[in-house]
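Structure first, commentary second.
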Amino acid sequence: MAEGDAVALSTRTGLIGEYITAAVILEQEGWQVSMAQQDGVDLVAFKDGQFITVQVKTATLRTQKGSRNPVYHFQLGSGSAMKIVKKGAYDVLACCAATDRKVWFQAQCCVNQLSMRKSPAFFSRPDLEADSWMRATQIVMESR
């Protein structure tokens, strides 16, 4: 695969994750969402006059070297040096497991690592999306 093809595939995967995440947010009681075309923020969610910025990280299911079990590997850092994102850059991190079309949400203040691996079983809980969205947004609103 040529370098340009890899970038196009990466961009396409990211867009898939953003749309899956937007759909999940729209399923949450009373929430609306808009796509945001700026660095560091992919979506803006609205409810009752409050807004929350969302950064989406998307991964597809892949087998890691030396392992039989496929996992989702999320790159959480930013920039070419892959640094931990500064507090306040966005409100909620959405980890989208594109292969399973599931999303796990975390308040940005709780993110303290550059990458994370999650098994497909982690995303299999039927209440994962609603529960994690509720927890993440509650933390964000309480910290304002």
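Read the figures in this text as sums done on the coordinates, not as results from a lab. Owing to the predicted nature of the structure, the values given are computational and were not obtained by experimental measurement. As a convention, Cβ positions derive from the backbone with ideal geometry for all residues, glycine included, and neighbour counts pool all protein chains shown.
Would a scan of the range 88-111 turn up a residue that is among the small types (Gly, Ala, Ser), in contact (Cβ under 8 Å) with a residue 40 or more places away in the chain and part of a loop (DSSP other than H, G, I, E, B)? Break it down stepwise before answering.
Pass one, the range 88-111, residues among the small types (Gly, Ala, Ser): 88-89, 94, 97-98, 107.
From what is left, the residues that are in contact (Cβ under 8 Å) with a residue 40 or more places away in the chain are 89, 94, 98.
Remaining after also requiring part of a loop (DSSP other than H, G, I, E, B): 89, 98.
Looking for residues that are among the small types (Gly, Ala, Ser), in contact (Cβ under 8 Å) with a residue 40 or more places away in the chain and part of a loop (DSSP other than H, G, I, E, B), one finds at least one in the range 88-111, hence yes.
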Inset, instruction - Could you check, for the range 83-96, whether at least one of its residues is out of contact with any Gly (no Cβ under 9 Å at 6 or more places or on another chain), surrounded by 15 or more Cβ atoms within 10 Å (Cβ to Cβ) and among the aliphatic types (A, V, I, L, M)? - result: yes
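Let me confirm something: among 85, 44, 33, which residue is more than 15 Å from residue 21 (Cα to Cα) and either in a loop (DSSP other than H, G, I, E, B) or without any contact (Cβ under 8 Å) to a residue 40 or more places away in the chain (or both)? Show your work before the answer.
Details: 44 fails: more than 15 Å from residue 21 (Cα to Cα); 33 fails: more than 15 Å from residue 21 (Cα to Cα).
85 is the lone residue from the list that is more than 15 Å from residue 21 (Cα to Cα) and either in a loop (DSSP other than H, G, I, E, B) or without any contact (Cβ under 8 Å) to a residue 40 or more places away in the chain (or both).
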